[in-house]
Each structure stands twice: as structure tokens, then as C-alpha cells.
Amino acid sequence: MSRPRPGKDLGRIAAYRLTGFLGEGGQGVVYVGLSPSGDQVAIKVLHARLSEDPEARRRFFRQVDLARRVAPFCTARVLDMGMQDDRPYIVSEYVRGESLERAVRHDGPRTGGGLERLAVATATALAAIHRAGVVHRDLKPGNVILGPEGPVVIDFGISRALDHAVTQSGAFGTPGYMAPEQLSGEQAGPSADVFSWAATMVFAATGRRAFAGESVAAVLHALLYDPPDLSGVPEPLRSLVTVCLDKNPARRLTADDLVRALTGGATLTTPDLTPPRPTPPGGLTLARPAPTRDLTPPLPAPPGATLPEGAPSDLTPARRVLPGTTPPGGTPSDLTPSRPPGLTPARRVPRRAVLAVGVAAAAAAVAVTMWPRDPDRVRNPDPVRTTEPGLPFGAEIGKPLAGHTNDVRSVALGTLNGIPVTLTGSDDETARLWNLRTSQQLGQPLTGHTKWVRSVTLDQLDGVPIAITASDDDTARVWDLATGRSRILAGHTGDVKSVATGRIGGRHVAVTASADGTARVWDLRTGTQYGAPLTGHEGAVWAVAVGQVGGVPVAVTTGDDQTVRVWDLATRKPLGAPMTEHTGWVRSVAMGTLGGAPVAITGGEDMTVRVWDLTTRKPFGTPLAGHTGWVWSVAISNLGGVPVAVTGSEDRTVRVWDLNTRKPLGTPFTGHTDCVWSVATGLLDGRPIAVSGSRDQTARTWSLAPSR
């Protein structure tokens, strides 16, 4: 949990005044607030909507009431609960500090007495939780807060409460930390928490997971069938962890056993473990996917394939994405951006949002053609497979892009060395490049962020292909895709939710939007802020798009204050009054043209998509209505001369709209098993496509070719 954000009053939940935004998880959004007595509290507003069934609500509140009975040592006490606007909320003690996950990623594994105290405190907390009749069901490094008075376990009992109250797809838990019985659909009791505790201790001691893999399927396969990787875990903790990671829950220790063993009250010998092979859900056999095929040979990075002179020298080495390619062999004409017909030169990643659910918005990124450094690869870029000709409108192209171990929050399209690619950003704190022809990952993930990656975009800087990522760690990063190195853009005092690129005269810039209530402009050549921040939103700024209106470089931003705002990037001044037709938060935006006029499209909590004339700053026609859930993401394109919007929603669908008639084109695209956080549009081998990213941890590619 990060510290509270300074800012204005965010409203109230029942008797609690909200004073800051803390973050989101898979279950909901968390605020810091004040109780009627003036004490600081954490308030989690859950995104699951309970049914009208009184029995379902009774079971939910019963489970949370059990959580309130947990002894307060080593846990964040549950103080209150209730319903507001059909959404349950839970109030708990506010614990200052950072999560174990962030601490290990930032400072390295725990060692010595620090590791021992962590093991004892978390096992003690687990024992107290179990004595109250509660099962945590999602114990992981992110749910252990390193507070000023020692480690504290949070979020206990919430997953169980939700499981009693609503029906959701998939098992509760986090891949890599959940017990095998959670995956196979069996009853998850206290022994499942013990398994998760052991997996958490492995991460704390080593900085890596006990069950690893390059994809979710690989992680789950390892979880079900493979022994844990315990190298680096010191004794005697290793012996305890070994027993607790037994595939058979009956052979694990109890939390009370753990406390006794850790505090010298018991002696343990490690048994001979021969794990049974549990059956995955539905009787499926999980096989390890084939290793990712790297399409570019590992050659030395070409001279000049680094960020330009004059950039700060604090480039942070990261794992190479595409190992350095051959020296430039393209021509200057190859630098011309490629974008769907009808789009303005705006280059953007409309961004997204959260509130009670998670985050998200839109990555309606324009396709960008990168400098082809190997002419032979451009002539024959991929001998493996090309897209199938004649795929109808709405058909899924290739396989889902599966490899992230958490939600895919953002997507962007481009080409690299003649290969059509998608860049994805995820809650697993990485960004990844994918070959759209083969549905395979290219090279290693971009690693360096210490919190969720909210927004991604592709561009080029002085002929060098770059990616820009924005994260909840309050930073954005600029990545040189030839070397895999990054530069940090630091200055925001809150989560960076969105990033877009454009130009102010001859200056190549990025614009970032943040939970600190500002948008900021960055000179990409120097990595420094350019001019004053854009201020005016009341609350978090969730999405930004960049383009031009009448030759003036502008940014369009959206936020939790229900407004859409247009800014002159040269003067940093707003153009006109805020646009206020939405009736809830607005967390996605894209820019384009409609009938020759520059427009922005936005999506929000009111489940509508709205079009705005950026010259008059008035609504352009009627809203697009049809989604049955919040609209997290929007993109804009042109199909055979028809301007269209592509949208993604909490209702798990991607929809395409004719902007001239305001009618949907075809039926919704279905295939994702959870909400669609992000959409982008572009071209694949000359054919129009959309790419969507989802809470189901995948991205999918859809044909936008006209139906025949």
C-alpha cells in the first residue's frame, strides 16, 4: 500500500470521508479516508455487484463479519462493512508501508533475521485468521505490508466473501501463489493458505517465484505437476517450506504448526515427497508451451542505435527486447508513420481508468512503422506463417497472446524490422512485444517498473524505435528497442495512468496523465519536463491523447471529475470550458477526424461512448449506447472510408461503431473471459485489425476487414 495522495476531498463512502487514492487490485479500488472520529482508515470498494438475492448479501456480510473477529496482531483489522450504490465496501485499519512484493523488487530478497521475523509474523497472522474461521485465499507478497511496527497481512476473508456472494469465472488466487486445489476446483481450506504462505516465503527469500514459467499455462503446469524451485531458500525455513508446498493438502502443516516450528516449539523432519497429479479444471491437460522463437539473431547493437546525444546518462540497463540488429539499411522514406486511412497525425494511447474495479482505459494507439534495419528481413520478414486471407469481420486472428501473469492493461500496434508487432503492458509490471503473424513473444519482457504498467505506446525517436510505458510507480520509461535500455521520466507524485506522444513544433514530446491531478509534457530527446504541468482536473487524470486542432498542438485529457478537457500544448492553457456530458468518471480517450473535423471519442462509467467536436468543443451527435458495462477503452479507425470507433468494456466485449450512423457494425466480438481493459487499431499486412487486452491476462487480435 502506498502512502495517501494529497488532494481534494474525493467524496464519501457512508460515514467515511475519502481523502486519497491508494490503488487497485483484482477485487476493487482502495482509498484512504477518515472515520467519523478522525482516524485514518483504508476503504476498499469492491467491483463485484451483488445480486438482489437477500441470501447472497447475508452470506457476504456474514463472511466479512467473521473477518472482523480476527485478532489484530499482524493483521490489518476489519472495522466496518456495508453497501453503497449496490457495491460492497469494507473498512479496515490503514497501515503505512510498502508491500513485500515491491520491497523485494526494489531492495532485493530478505535475509537473516529480517527473513525470520517476516516468516514468524505472517505465519502468526495466518494462524489468527484461521482461528476466526476465515480462509484468506489470496495470500501473496502484494498482500503483506511492511509496516512501521512489522509485517501486516491485509485483504483476508475478502475473496471468500466474494465467492459466497457472486459467481465469477476462474479460481480465486494469484498464479504462482495459489494452491493446486484452488486451480482444480476443489474446496480451498486453511491448508491452501499455508501453501500460499510458503510460496510467498520463497519469493521473499529469493526474489523469484517457486513455480515459474513464461506464460500463465506454464506457471499453472508447474504448480500442478512440478517440484518447487527452492534454491536459495536457507535452512531451516527451506524444510518448512518444502512440506507446506506439498501438492496434497492433507500433508501440509497447519498455521499453528508453522508458528510452533518457527519459534522453536517443534522439531520438523522433511518427508519424502511424491506429489500426486491433480486434475486441472474440466480434465484438461496443461502442457508447457513451446519456447518463444526469437526472430532476430543476437548481434551487437548497431552504432548510433541508442537514445540521442544530450539525453541524461542515467539509462537503466534492462533485459534486451530484440537483441541489437544490423546497422541501418533502410532509407529515410521508411520513417513515415503508417496509420489507418482517415486518422489525423495524432499519435496516442488513449488511456484508461479504474474505480471500483481495476484500472483501464484505452490504448487506441496509431500503428507506427519502425526503421527496418535489416532489408532482407523486410523482403521476407517471417517465413513461418502469414495471416490467413479473407478472414471475415470480427474473426479472431491467430492465437491469444498469452504470457503475462496478470491483467493486460494496455496495447499498442506497430512494426519492427518489418514484423507487425503488438506491445502490451500488464499488472505483472512488464511490457512485452509480440509478433502478430505468429502470436509469439519477441525477446525478453521490458522489466524495470515496480508497479502495474498502465499504458504503452510505440514510436521512433530520431530514427530509433522506442516504446514508452507508464506505471503506478509514479514514473514513465522510454525504451530503446534496439538495446533494451530505458530512461526514467520522473516528476509525477502519483500513479502515471496514461502516455501519448506528439510534437510541439520541432520538439518530439510525450504527455503523461497521473493520479496526482496533472498531465505533464516531456522532451523525449532530453528526458526533462517541458514547461509547466497541465492543471485543472479535480482528481486523477486517467487518459490523454495528443494531436492537432487547426494547426495547434493539443492534448485531450479525461478524469474522475467526469470532464473531458482540451489543452493548447504550446501555451499550457485550456481551450474553452471542460466538456461535461458524461455522468460518471471518464477514463479513455482517442483522437481522429470525422467529416473532416478533428474529434475526440471518450468512454466512461455511464456505459456510453461520446464523440466531441474539438473545434467547437461540443458533443458531435448522439452517444453510442449498447455496452452493458463500463467502457474502459476506445480507439478510432477508418474502414473503407467509413470512420469507426472500437470500444472495450467491463461486459467482456469489443464493439465496432459506424460514427456516421451511430450504429454498431456487426455483432460484439466475444472471446475474452473477463473485462476488456484496452483496445488499439492498426494494420496487419495491409488489412485493418483491432487488438484488445483483458483482465483474463491475454491480448487478442480481431479482423476488421469488411464482411463479404
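Every number in this text was worked out from the coordinates using simple rules, so none of it is lab data. Keep in mind that what you see is a predicted model, and the values were worked out from it rather than measured. In this analysis, Cβ positions are derived from the backbone assuming ideal geometry, glycine residues included, and neighbour counts consider all displayed protein chains.
Using the structure shown, list the pairs from LYS573/LYS663; LYS497/LYS573; LYS44/LYS618; LYS399/LYS451; LYS140/LYS399; LYS618/LYS663 with a Cα-Cα distance above 32 Å, or answer none. LYS573/LYS663; LYS44/LYS618, as the Cα separations exceed 32 Å there.
Ordering 597-604, 139-146, 528-535 by mean Cβ neighbour count within 10 Å, with the highest value first, yields 597-604, 139-146, 528-535.
Using the Kirkwood radius over Cα pairs, work out the Stokes-Einstein diffusion coefficient for region 210-255 at 25 °C and 0.890 mPa s, in µm²/s as a whole number. Write down the numbers at each step before the final one.
Working: Rh = 11.5 Å.
D, rounded to a whole number, is 214 µm²/s.
The charge dipole of region 416-496, taken about the Cα centre with unit charges on the Cβ atoms of Lys, Arg (+1) and Asp, Glu (-1), comes to about 280 debye, rounded to the nearest 20. Among GLU181, GLU235, GLU98, GLU149, the ranking by other beta carbons within 10 Å of each residue's beta carbon, starting with the fewest, stands as GLU235, GLU149, GLU98, GLU181. In terms of the mean number of neighbouring beta-carbon atoms within 10 Å, the peptides 660-667, 468-475 order highest first as 468-475, 660-667. The ranking of GLU538, GLU101, GLU650, GLU429 by Cβ neighbour count inside 10 Å, starting from the fewest, reads GLU538, GLU101, GLU650, GLU429.
Mind checking Rg over Rh on region 550-648, alpha carbons, Kirkwood formula for Rh?
Details: Rg = 12.9 Å, Rh = 13.6 Å.
The Rg/Rh ratio comes out at 0.95.
Ranking of TRP542, TRP197, TRP479, TRP612 by neighbouring Cβ atoms within 10 Å, starting from the fewest: TRP612, TRP479, TRP197, TRP542.
Annotation: peptides 90-96, 507-513, 37-43, ranked by per-residue average of other Cβ atoms within 10 Å with the highest first, follow the order 507-513, 90-96, 37-43.
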